[in-house]
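In what follows, a structure is listed as structure tokens, so that the remarks can point back to it.
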Amino acid sequence: VVTDEEIQGAWKFVKRFDIAPDCNIIGINPGAAYGTAKCWLPDRFSAVAKNLVNADPKNVVLFFGDRSHKGLISDICQGLGSRVINLAGQTNLRELLALIKICAFFLTNDSGPMHIADSLEVPLLALFGSTSPVATGPYRQKSNIIQKKVPCSPCFKRVCPIDFPCMKKIEVDEVTEAILGRI
């Protein structure tokens, strides 16, 4: 549950980035605590963010992550302009909940923030590779998943020992179109 006061605090928080209440806030969580095998490629998150802000001047992208993902997200956001905002390491858990709640849409790997968005009924798209959406996927939005069939997935490994086929098969255009079709 996110309180009305916390939601107001989230709007106050994003107001400092000149985000208007009529914007489509799209949250993106490119990390995962379990390991890199669960994470889509950083350059693809960057390309999706660029596509989203180019598709509509009302689209704003907020990147979420903890302090350990600051460098990763900084690299992803490099050169994407003022409507792509890096919030890695800038929120506590309650603020993260409220900020996810005000998102029109949420793109994520299999992660804790995926479960938060699902629990708060924020429309989402979850990208799966080394893990199983049956075992660890969103509870409510089971159909909002992209996972490619490859012989080695799900392997449940923290680091891919080969060439990352499960995540490399997920294409930028596929993800972009899935999001734009839902906001």
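Applying the criterion of being among the aliphatic types (A, V, I, L, M) and free of Cβ contacts under 8 Å to residues at least 60 places away in the same chain to the residues of segment 20-74, the residue that is nearest to Leu127 (Cα to Cα) is Ala49. Please enumerate the residues belonging to segment 88-120 that are over 22 Å from Lys38 (Cβ atoms), of a type outside the set (Gly, Ala, Ser), part of a loop (DSSP other than H, G, I, E, B) and at pLDDT 95 or above. Hit for segment 88-120 is Ile102, nothing else.
Here Leu97 fits the description: open to solvent by less than 40 Å² (accessible area, probe 1.4 Å) and either more than 12 Å from the chain's Cα centre (by Cα) or over 18 Å from Asp118 (Cα atoms) (or both). Residues in segment 126-183 that are closer than 18 Å to Val48 by Cβ, in a loop (DSSP other than H, G, I, E, B) and not acidic (Asp, Glu): Gly129, Asn144, Lys148, Phe164, Lys169, Ile170, Gly181, Arg182, Ile183. Which of the residues spanning segment 1-11 are touching a helix residue (DSSP H, G or I) at 6+ places or on another chain (Cβ under 6 Å) and open to solvent by 80 Å² or more (accessible area, probe 1.4 Å)? Correct list: empty. If you filter segment 159-183 down to residues that are of a type outside the set (S, T, N, Q) and touching a helix residue (DSSP H, G or I) at 6+ places or on another chain (Cβ under 6 Å), you find that the one that is surrounded by the fewest Cβ atoms within 10 Å (Cβ to Cβ) is Val159. Among the residues of segment 40-51, not a single one is touching a Cys at 6+ places or on another chain (Cβ under 6 Å) and within 13 Å of Thr108 (Cα to Cα).
The values are calculated or read from the model by the stated rules, or taken from the named source; none is laboratory data. These numbers come from a predicted model, not from an experiment. No Cβ is skipped: glycine too gets one built from the backbone with ideal geometry, and neighbour counts run over all protein chains shown. Accessible surface areas use protein heavy atoms only, side chains included; no ligands, DNA or RNA. Shrake-Rupley method; radii C 1.70, N 1.55, O 1.52, S 1.80 Å.
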